[in-house]
Amino acid sequence: MIAKHERLKGAEKNPFLDPEGYRAYVELKEKAFRKTLSEQKEKKSEQ
């Protein structure tokens, strides 16, 4: 955290923001959501 704060001084890009990490996280959660949704739909159709 201290290293990021030091990099923030005079930086054009905010070191606390991680667009690639954010996109990867959203993609991971989207896949998990789709998988769960698919499983629930499958289970419902079996009833």
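Of the residues Leu28, Leu8, Leu17, only one is hydrophobic (A, V, I, L, M, F, W, C) and in contact with a Pro (Cβ under 7 Å, 6 or more places away or on another chain); which?
Leu8
In the chain, what residues are among the acidic types (Asp, Glu), surrounded by 10 or more Cβ atoms within 10 Å (Cβ to Cβ) and at pLDDT 85 or above?
Asp18, Glu27, Glu30, Glu39
The values are calculated or read from the model by the stated rules, or taken from the named source; none is laboratory data. All figures in this text were calculated on a predicted structure; none of them were measured in a lab. Positions of Cβ are generated from backbone atoms using ideal geometry, with glycine treated the same way; all protein chains shown enter the neighbour counts.
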